[in-house]
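*Asks:* Please find one structure pasted underneath; my questions will follow.
The values are calculated or read from the model by the stated rules, or taken from the named source; none is laboratory data. Note that the structure is a prediction, hence the values are computed from the model and not measured. Note: ideal-geometry Cβ built from the backbone for every residue, glycine included; neighbour counts use all protein chains shown. These area figures cover heavy atoms from the full protein model, side chains too; ligands, DNA and RNA do not enter into them. Shrake-Rupley method; radii C 1.70, N 1.55, O 1.52, S 1.80 Å.
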Amino acid sequence: MSAMSASSRDLWHAMLRIRRVEQAIARAYPEQRMRCPVHLSIGQEAAAVGVCAALTPQDQAVSTHRAHAHYLAKGGDLRGLIAELHGKADGCSGGRGGSMHLTDRACGFLASTAIVGNSIPVGVGAALGIQLAGQPAVACVFLGDGALEEGAFYESANFAVVRGLPVLFVCENNLYSVYSPLSKRQPAGRAPVDLAKGIGLRTEKGDGNDVQYVADAARVLVAGVRAGDGPAFLELSTYRWLEHCGPGDDDALGYRPAGELQAWQTQDPIALQARRAGIEEAAQTAVVAAIDAEIEAAFDAAVAAPFPLAHFGAEAQYASGPWSTP
């Protein structure tokens, strides 16, 4: 799905599919078949779908620990994702990566990593490779607001500006780094976009729950990056509905102000887009049924799939030494 071809209904369908996938993961997680931690992005689907609508399969994306939506929106394989969460050989990372370490070169999803900010230099490195090869592609780096407190962002962004690299940084600002609100981590009145602007990045900031806005903004920024105008930064205001890590509701812990979650839920990006696209309830029900059937088949396939062979764990290691397998 490209920005030129994505209709209002396409954008709605892509978000709904991601939402249903992650809801299915949340329901099945207590069964203990998925033994990796999961960071769900329910409530944040518009950012992933809108940005990826502006990308091509040749463009390279990197992501964070909260990567399912980015992977699927970029064209990743649903069965490969669910198998990976189950640690199976059919997984997109061969069953070795789990939820936080997804990779799929076929759709241009280079990597996701568990360490905050760790994928940013990887994405900038991909942009450097694109530039050196003279390819008409861009790199897209998804990051959270917490990554702006890591030195890797500043070093990488500065290098990208100096070299004029074809990279788009997408900051999903969901206000929290685990349990710490932005107000406890940044001075009052300073937004992530201000930090990016100070480095020299071209910047844009807007509503991360409005998928049409996101798609339009990303299309303009990506076009500029692709044309050689240099790197850009897109800050999207959004909100995660569930706990930082896991499938549960953590609103009772009290780290969110009373009523804040409910206020953001009234801005549900999927409901907003359904209204905009004029999709009637009966049509929505039919689409949900079709998506759920696809998801059920993916889970059935993952449960039935084999685990990787033991020796597979020693393959593709970078390290060498007495601890490595000959």
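*Asks:* What are the residues whose amide H is under 5 Å from the amide H of Glu235, where those residues sit 5 or more places off or on another chain and H is modelled from the backbone?
*Replies:* When sequence neighbours closer than 5 places are left aside, the close amide H contacts are Cys171, Glu204, Lys205, Gly206.
*Asks:* What's the center-to-center distance, using Cα atoms, between region 82-103 and region 106-125 in Å?
*Replies:* Answer, in whole Å: 16.
*Asks:* Now, a different point. Counting only protein heavy atoms and using a 1.4 Å probe, what share of the accessible area of region 1-109 belongs to carbon plus sulfur, as a whole percent?
*Replies:* The computed percentage sits at 48.
*Asks:* Where a ≥ b ≥ c are the square roots of the eigenvalues of the C-alpha gyration tensor, would you call region 1-96 rounded, which needs a/c under 1.5, or, failing that, prolate if a/b is larger than b/c, or oblate?
*Replies:* prolate
*Asks:* May I ask for the net charge around Pro269, where only other residues with Cβ less than 15 Å from the Cβ of Pro269 are counted and Lys, Arg are +1 while Asp, Glu are -1?
*Replies:* -1
*Asks:* On to the next question. What nm value, rounded to one decimal, do you get for the distance between Arg185 and Phe307 when each label is placed 7 Å out toward the C-beta?
*Replies:* 3.5 nm
*Asks:* Would you list, by chain and number, the lysines whose Cα falls below 28 Å from the Cα of Lys184, excluding same-chain residues fewer than 8 positions away?
*Replies:* Candidates past the 8-residue exclusion: Lys197, Lys205.
*Asks:* Using unit Cβ charges (K, R positive; D, E negative) and no other charged atoms, how large, in debye to the nearest 20, is the dipole of region 77-187 about its Cα centre?
*Replies:* 80 debye
*Asks:* Okay, moving on. Lys/Arg Cβ at +1, Asp/Glu Cβ at -1, dipole of region 179-301 taken about the Cα centre: which of Thr203, Val214, Ala258 is farthest positive-ward?
*Replies:* Thr203
*Asks:* At 222 nm, what value in deg cm²/dmol follows for the chain if DSSP H runs of at least 4 each add -39500 (n - 2.57) and the sum is divided by all its residues, to the nearest 500?
*Replies:* Result for the chain, helices only: -13000 deg cm²/dmol.
*Asks:* For the chain, set up a Gaussian network in which alpha carbons nearer than 10 Å are linked by springs, and say which option among Arg190, Arg226, Arg17 fluctuates the most.
*Replies:* Greatest mean-square fluctuation among the candidates belongs to Arg190.
*Asks:* Here's something else I'd like to know. Label the chain by shape, choosing from rounded, prolate and oblate, from the square roots a ≥ b ≥ c of the eigenvalues of the Cα gyration tensor; if a/c is under 1.5 it is rounded, and otherwise prolate applies when a/b is larger than b/c, oblate when it is not.
*Replies:* Here the chain falls in the rounded category.
*Asks:* Same structure again: What do you reckon, how do Val287, Val167, Val303 stack up by accessible area (1.4 Å probe), largest on top?
*Replies:* So the residues, ranked largest to smallest area, are Val303, Val287, Val167.
*Asks:* Among the DSSP beta bridges whose two residues both lie in the chain, what percent are antiparallel, rounded to the nearest 5?
*Replies:* Antiparallel bridges make up about 10 percent of those DSSP assigns within the chain.
*Asks:* Sort region 152-286 into rounded, prolate or oblate with this rule: let a ≥ b ≥ c be the square roots of the eigenvalues of the Cα gyration tensor; rounded if a/c is under 1.5, and if a/c is not under 1.5, prolate when a/b is larger than b/c, oblate otherwise.
*Replies:* Judged from the Cα gyration tensor, region 152-286 comes out oblate (a/c at least 1.5, b/c at or above a/b).
*Asks:* To continue, here is another question. Check cross-link reach from Lys74 to the aspartates and glutamates: straight Cα distance under 17 Å, and skip same-chain residues fewer than eight apart.
*Replies:* Output for Lys74: Asp10, Glu22, Glu45, Asp59, Glu84, Asp104, Glu172, Asp216.
*Asks:* Whole number in Å², please: accessible area per residue of the chain, 1.4 Å probe, ligands, DNA and RNA not counted.
*Replies:* 43 Å²
*Asks:* Would you work out what percent of the accessible area of region 150-247, with all protein chains in place, is carbon or sulfur (probe 1.4 Å)?
*Replies:* 52 percent
*Asks:* Further, regarding this structure: Mean-square fluctuation check for the chain, GNM, Cα pairs under 10 Å: which of Val21, Val220, Val141 is largest?
*Replies:* The residue that fluctuates most here is Val220.
*Asks:* Okay, next question. So how strong a dipole does region 180-306 carry about its Cα centre when Lys and Arg Cβ are +1 and Asp and Glu Cβ are -1, to the nearest 20 debye?
*Replies:* With only Lys, Arg, Asp and Glu charged at Cβ, the dipole is about 880 debye.
*Asks:* A follow-up question, please. So, counting K/R as plus one and D/E as minus one, what does the shell of residues with Cβ under 15 Å around Gly76 add up to?
*Replies:* My count for the surroundings of Gly76 gives -3.
*Asks:* Quick check for me: using +1 on Lys/Arg Cβ and -1 on Asp/Glu Cβ, what's the dipole size of the chain about its Cα centre, in debye to the nearest 20?
*Replies:* 520 debye
*Asks:* Out of the DSSP beta bridges found with both residues in region 162-257, what percent are antiparallel (nearest 5)?
*Replies:* Here the antiparallel bridges make up roughly 15 percent for region 162-257.
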